[in-house]
Structures are given as structure tokens and as C-alpha cells.
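**Q** Right, I'll just put the structure down here and ask away after.
The values are calculated or read from the model by the stated rules, or taken from the named source; none is laboratory data. All values reported here derive from a predicted model rather than from experimental measurement. With ideal geometry, Cβ positions are generated from the backbone for all residues, glycine too; neighbour counts draw on all protein chains shown. With ligands, DNA and RNA removed, areas are computed over all heavy atoms of the protein, side chains included. Shrake-Rupley method; radii C 1.70, N 1.55, O 1.52, S 1.80 Å.
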Amino acid sequence: MKILAIDSSGAVASVAVIEDGIVTGEYSINNKLTHSQKLMPMIDQLLKSLDLKPCDIDVFGCAIGPGSFTGLRIGISIVKGMAQALDKPVVGIPTLDGLAWNLSGFLGYICPIIDARNDNVYTGIYSSEASESGISLKSEYKAIHIKELIETLPNDKPIAFVGDAVFKFKELLRENLGGLCFIPSTHLLLQKASSVGYACHLLASTGKLVSAYSLTPLYLRTSQAERMQGRILIF
Amino acid sequence: MYEIITKSENETRAIAEKLGSMLSAGDILCIFGNLGTGKTVFASGVSKGLGIAEHISSPTFTIVNEYMGKLPLYHFHAYRINSNEFLDIGGDEYIYGEGVTLIEWPENITDVLPPEKLEIHIDYDSEVIENRKISLNPLGHKYEKLTQNFLEEIK
């Protein structure tokens, strides 16, 4: 089974092809927010390099959010458009799951943090065990202030952080969590379509496919209370 | 809060043009003022200062207009939207983007705007009908410095 996966939820535009669980090609650009101009040519080149045609793809997968509203709409529109035209099923993967998959195998918690502005983050807490199932979500998907996240993190195992907000908050996390805080090297921190594609592969192989018509974005927003809290802490 | 009195539409446009020429990427201007006080006149001055040749019209119905000058200008009219609607259209991607964001009627979306910005209040002058009182309220160090430099320039 061949899966074409896209992640355009953040600064990185990324596309990948996964065939029977193996990444056969991946193309990522972290340059400017020009996803609407770059993604389709990237898909075209990737498929050509793999001697594939769009009709050879069995499943279309996409990171559905949280993240940049505009970026999500671009990625989801591409997947819906291609899957509808070719009459193929789709899989939607929460962006936070995709990021957590970047670190699967880490023995501890994995905590993706995506910058949601004004010191808020989109986040969730995963545990990763050395088992086939990989990662499992231990909390809800949340949009919260970084301080609130720090206060509510578990403290029984090391926590690895991933996501664009790591660049902004790594010092704060280290100060507050000490030895429990693990910051991976920068090449693992951002969205990768191969991670999304791998998560798609697991879902697709258990038959969890949906119609392109039912794919919807997962928009998360901070509550007004949190927005105001961010403000108070700054002043 | 700093106050400037302008005596004509052209003078308002001229000082706004000066301010526009001093802005940098990521700057946020919030313009408060009743109907007819000249918010859009101020905006057109800012756009000229940013080197935008195009005529600026009020984005009353489009909510946001984008222009390309020395820097991009994102001109918002937020009268008919609330914070969630602002986020729905990717508003935060504009205000944290690579251009200058100018927002008319920011009252309804203040909770999604960053705490640091330059607030500009335009009021009628109670004595002379053509005059406008322009009050600058810089929030944050960057905007305090910008305002000081700007006042020095237009002295």
C-alpha cells in the first residue's frame, strides 16, 4: 500500500511517500511560508522521482492540526482534491501525533509543543514504550500557557520535547524541569511528512480510513482566559 | 500618551507617511477613532511611507487588504469581526508575519493582539472642525522608541 502524506501545519512544507511502512521518499522545505506555491510542485517532483503517478497512490494522508490555520487549509485542500479526483480514501493525523512520532522509542514521555503565540502552546503528553504500538496519548490535545504546561507535567520519567516552540522555551523548560527535561537535536524538532505518513500507515493497515469528504481540520485555540493570562504575565 | 494636532487631511496624511517610513517588519499599529475622523487617511499615509504606490481603500467589507511595498502592509478593518473570526481567517499569521499590520477598529479583537503595539487614537478637535487630535500610546519598549524617534522627526 502506497501512502502520500503531507504536513503543512507549520513553517515546514513536507511531503512523503510511504510504501508498506517504509519511507520511499520525502521532500521538506523550511524556508518561507509559501506552502500554497510550493507543495504541489513538491508532490509532483517527489512522485516523478519515485516513478509514480498520482493514481498509483492508495491512501492520502495529512496532518490536520493544530497549527497554522492557513497552512492546515492548504494541506487538507490538496489531500481532499487529489483523493476526491482519484476516488481514494484519506487519513487525518493530528499534528501533535506526527511530532511525537519523530521521537518514538524514547523511553519516557514525549511532549510536542507548537507555538500558539503569546506564550501559549498546542500540546499533548504521550508515552512511548519500546513496543510495536509506539506512542500513546496520555492527555487531551490542549492549547495552554507554557507556565500551565510546566506546572501540570508528570515528574516520574524524563520528558522529551519536540515542536517549533522548543526553540523558544528550551531554557525555560530546562530551568524548571532540570534533569527530567530532554531536548533532542534540532533536526528532529519540526514536522516531517514521513512521521505523519508512518502514523497513516498504522491506521490504514487497521482499516481506519475515511472518505475525503469527511476529513476536517483540528483547530485548537486558546481560551480567552488564557489569552488574558498571557498578557498579565508579560506586564 | 503623546498628542499631536493636525490641521488638515493633508497634514494627517503627511505625518502618517513619515511614521510609515520608519516602520519595520512585525510592527503593529492599532487605529482607534470614530467614523470620519480619518483612520483610512492615516492608513493611506502609512502605506505611502512604506513605498506603496497603490491607492488604499478601507477594507470595510474585505476585512483585510494586502499591499506590497518596501515591506508588506496588512490593512485590517475589524469592525464586524470578533477574536475567533479574526483567528479563523489566519489573522495571527498576519500579525506575527513579515509585514506591517495596521488595524482599524481593533476594539473587538484586543485579546488576540500581542501586548506590544502602537495604539493611535484619532479624535475631532472640540474647537476647530478641521483639526484632529492624534494621540499615540506606545506599548512596549520597541514602540516607545519608535514614537520618540517619530516625534523628533516631525518636530
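**Q** Mind listing just one residue for me: the one in the range A:30-76 that is in a helix (DSSP H, G or I) and of a type in the set (Ser, Thr, Tyr) and, of those, farthest from the other protein chains (Cβ to nearest Cβ)?
**A** A:SER49
**Q** Being assigned to a helix (DSSP H, G or I) and buried (at least 20 other Cβ atoms within 10 Å of the Cβ) is the filter here, so list the residues in the range B:16-39 that pass it.
**A** Answer for the range B:16-39, where residues must be assigned to a helix (DSSP H, G or I) and buried (at least 20 other Cβ atoms within 10 Å of the Cβ): B:ALA16, B:LEU19, B:GLY20, B:LYS39.
**Q** While we're here: Out of B:GLU93, B:GLU119, report the one residue that is more than 14 Å from chain A (Cβ to nearest Cβ), charged (D, E, K, R) and open to solvent by 20 Å² or more (accessible area, probe 1.4 Å).
**A** Matching residue, one of B:GLU93, B:GLU119: B:GLU119.
**Q** Determine whether B:TYR67 is assigned to a strand (DSSP E or B), hydroxyl-bearing (Ser, Thr, Tyr), in contact with a helix residue (DSSP H, G or I) (Cβ under 9 Å, 6 or more places away or on another chain) and more than 14 Å from chain A (Cβ to nearest Cβ).
**A** yes
**Q** Could you list all residues from the range B:1-13 that are part of a helix (DSSP H, G or I) and surrounded by 16 or more Cβ atoms within 10 Å (Cβ to Cβ)?
**A** Answer for the range B:1-13, where residues must be part of a helix (DSSP H, G or I) and surrounded by 16 or more Cβ atoms within 10 Å (Cβ to Cβ): B:GLU11, B:THR12, B:ARG13.
**Q** A further question on this structure: As an exercise: evaluate A:LEU103 against (1) of a type outside the set (D, E, K, R); (2) open to solvent by 20 Å² or more (accessible area, probe 1.4 Å); (3) assigned to a loop (DSSP other than H, G, I, E, B) and give the number of the one condition it does not meet.
**A** Here A:LEU103 clears every test but (2).
**Q** Here is a follow-up. Please go through the range A:1-18 and give me each residue that is small (Gly, Ala, Ser), over 12 Å from A:LYS38 (Cα atoms) and open to solvent by less than 10 Å² (accessible area, probe 1.4 Å), ordered by number.
**A** Once the filter is applied, which keeps residues that are small (Gly, Ala, Ser), over 12 Å from A:LYS38 (Cα atoms) and open to solvent by less than 10 Å² (accessible area, probe 1.4 Å), the range A:1-18 yields A:ALA5, A:SER9, A:ALA16.
**Q** Would you please name the residue that is least open to solvent (accessible area, probe 1.4 Å), looking only at residues in the range B:122-152 that are over 18 Å from the mean Cα position of the chain (by Cα) and in contact (Cβ under 8 Å) with a residue 40 or more places away in the chain?
**A** Filtering first and then ranking leaves B:ASN131.
**Q** Among the residues of the range B:70-86, count how many are open to solvent by 80 Å² or more (accessible area, probe 1.4 Å) and closer than 26 Å to B:MET22 by Cβ.
**A** Looking only at that region, the number is 1.
**Q** Considering only residues that are without any contact (Cβ under 8 Å) to a residue 12 or more places away in the chain and assigned to a helix (DSSP H, G or I), look in the range A:187-224 and name the one that is nearest to A:ARG73 (Cα to Cα).
**A** My answer is A:SER214.
**Q** Filtering the range A:19-54 down to residues that are closer than 21 Å to A:VAL162 by Cβ and not small (Gly, Ala, Ser), which residue is most open to solvent (accessible area, probe 1.4 Å)?
**A** Among them, the one singled out is A:LEU33.
**Q** Can you pull out every residue in the range B:70-90 that is within 13 Å of chain A (Cβ to nearest Cβ), of a type outside the set (Ser, Thr, Tyr) and either more than 16 Å from B:ASP27 (Cα to Cα) or assigned to a loop (DSSP other than H, G, I, E, B) (or both)?
**A** B:ASN82, B:ASN84, B:GLU85, B:PHE86, B:LEU87, B:ASP88, B:ILE89, B:GLY90
**Q** Restricting attention to the range B:43-69, and to residues there that are more than 14 Å from the chain's Cα centre (by Cα) and among the β-branched types (Val, Ile, Thr), which single residue is least open to solvent (accessible area, probe 1.4 Å)?
**A** Looking at residues that are more than 14 Å from the chain's Cα centre (by Cα) and among the β-branched types (Val, Ile, Thr), I get B:ILE52.
**Q** With the structure loaded, tell me whether B:GLU104 is open to solvent by 40 Å² or more (accessible area, probe 1.4 Å) and of a type in the set (D, E, K, R) or whether it fails that test.
**A** no
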